[in-house]
Amino acid sequence: MRVHHRFFRRRSILTLVGALAIALGGCGRDAGRSATADDDARWAALGGRLFADPSLSADGQVSCASCHRAEHAFSDTRAVSIGTGGKTGTRNAPSLLDVGELSHFFWDGRESRLEIVVLQPLTNPVEMGLASTEELLRRLASEPRHADAFAELGGLSADAVARALTAHLRTLRSGENAYDRFQSGDRTALDTDQQAGLALFTGKASCGDCHQLQPGRARFTDDRFHHLGVNDSAIAGRVAGLIQRLDGKRDLGATVLTEADIAGLGHFVATRKPADLAAFRTPSLRNVARTAPYMHDGSVATLEEAVDQEVYYRGISKGRPLSMTVEERRQLLAFLRALSAPDRL
Ligand code: HEC
Ligand code: HEC
């Protein structure tokens, strides 16, 4: 009985030590992992509050969320955005869903790092219009809600603001749409019209040449720049003069958003290659039914017109009109409407 008791005790102590070791080890690992996840979540939460805060604009009226509206897949319903003091820009605000997947930013691809992009609207004269990054930091320091949050995350600086906004944007993801479900094997996810639209999209209408359907989760873009002729007349015959004007500018972002004709130069402003004149980035078509109006300058009001225009330009680039019946256009539209999904935030 005694022996058994001692044995039992020793075994239970060993078990206890073992269990403790496992618990501590496991706990340490979990704590490490969740501290990083926690940290990311805190940066993103702070970024989310900055994103929605109009007090970070010159007139106290405009936040990131004024132009990137959640209910429209974080795009703007106005053709071109209106910033602080009612100033209008030159470009249509794109959706920010899945923005973390992009390698070039803005319609002309003039930036390649999201951490740089997110700070620019704050001081762009037609967006939030603050005088300088110093003014931004002063405003944040004088708002205890933000100042405390930055202090807890290691201090307030322009880099920290960029980190918070970027962390927030990386959480904006588009959810699974009917096409995704179809693609992963659910043959009922698209109805007959939508399936016919998909066949046109990848076949006769060759939309998929640029709005690419990658295997797995399709992104509906090739991440490249194309010359489609949207509002070409804005720069026709004036390119040499415009390039000369562009050469005299220091702040590219401010120039592009305030001077429509320079904005019309497209990807050229980033590369200075003649082939990139008036070329614009292929936009993703995920959630496209929620992001009207369309094109880099918001010049196309409805999805119907956008499709008509794209069909028309397909014809021009192929050297013969692409003939699509009314029925086929309807099917193509039905397919595009199947690309909307609730956001995965
Ligand atoms: C006044 C309207 C307006 C405000 C305010 C605004 N944006 Fe934008 N945003 C735009 C427009 C217009 C573009 C496209 C500009 C271009 O392509 O030249 C854009 C582009 C972007 C892009 C690039 C997206 C892409 O697909 O390349 C990001 C990222 C972005 N904005 C984030 C923000 C953040 C973060 C804020 C707040 C700090 C903000 N925006 C405030 C209008 C606005
Ligand atoms: C040669 C490449 C290319 C092909 C082919 C192409 N597109 Fe596009 N698409 C683009 C580019 C680039 C833009 C942006 C143009 C601009 O803003 O100036 C665009 C814009 C769009 C838009 C507006 C999206 C938005 O967010 O503003 C829609 C809708 C669209 N395309 C649908 C189609 C359809 C449907 C087809 C097939 C009939 C098609 N595209 C074929 C490159 C292409």
Requested in this report: Would you mind counting up the charge near residue 124? Only other residues with Cβ under 15 Å from its Cβ, with Lys and Arg at +1 and Asp and Glu at -1.
Outcome: -3
Query raised in the report: If we sort 120-127, 183-190 on the protection proxy, mean other Cβ atoms within 10 Å, highest first, what's the order?
Result: 120-127, 183-190
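Can you give the relative contact order of the chain as a percent, counting alpha carbon pairs under 8 Å and 6+ residues apart?
Numbers: 529 pairs, mean separation 71.4, N = 345.
About 21 percent, as a whole number.
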Report summary line: Projected onto their principal axes, the Cα atoms of segment 178-344 stretch, largest extent first, over whole-Å spans of 57, 39, 26
Query raised in the report: On full extension of the chain, what length is gained from residue 34 through residue 176, given 0.36 nm per residue of separation minus the C-alpha to C-alpha distance?
Result: 48.5 nm
Report summary line: With -39,500 (n - 2.57) per DSSP H segment of 4 or more residues and division by the full residue count of the chain, the 222 nm estimate, nearest 500 deg cm²/dmol, is -14000 deg cm²/dmol
Report task. Enter the mean projected area of the convex hull around the alpha-carbon atoms of the chain, in nm², rounded to one decimal. Result -> 25.2 nm²
Query raised in the report: What accessible area, in Å² to the nearest ten, does a 1.4 Å probe give for residue 235?
Result: 10 Å²
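How would you order 199-212, 138-151 from highest to lowest mean count of nearby Cβ atoms within 10 Å? Don't jump to the answer; show the numbers that get you there.
Details: 199-212: 17.4, 138-151: 14.6.
Going by the mean number of other Cβ atoms within 10 Å, highest first, we get 199-212, 138-151.
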Report task. Report, to the nearest 10°, how far helix 192-202 tilts away from the longest principal axis of the Cα atoms in the chain, using its own Cα long axis and a range of 0 to 90°. Result -> 70 degrees
Report task. Run the accessible area of the chain with a 1.4 Å probe and give the carbon-and-sulfur part as a rounded percent. Result -> 57 percent
Requested in this report: Show the residues, 5+ positions off or on another chain, whose built amide H is closer than 5 Å to the amide H of residue 266.
Outcome: 278
Report summary line: Note on segment 52-162: C-alpha Rg/Rh, Kirkwood Rh, two decimals, gives 0.96
Query - Span per principal axis, largest first, for the Cα atoms of segment 130-183 (Å) - result: 51, 26, 17
Query raised in the report: Using the Cβ atoms and a cut-off under 10 Å, what net charge is assigned to the surroundings of residue 178, where Lys and Arg are +1 and Asp and Glu are -1?
Result: -2
Query raised in the report: Using a basic spin-label model with each label point 7 Å from the Cα along Cα→Cβ, how many nm lie between residue 49 and residue 191?
Result: 4.6 nm
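The values are calculated or read from the model by the stated rules, or taken from the named source; none is laboratory data. Please read all numbers here as calculations on a predicted model, not as lab measurements. Heads up, the Cβs are rebuilt from the backbone with ideal geometry, glycines too, and the neighbour counts pull from every protein chain shown. Calculation scope for accessible area: heavy atoms of the full protein, side chains included, ligands and nucleic acids excluded. Shrake-Rupley method; radii C 1.70, N 1.55, O 1.52, S 1.80 Å.
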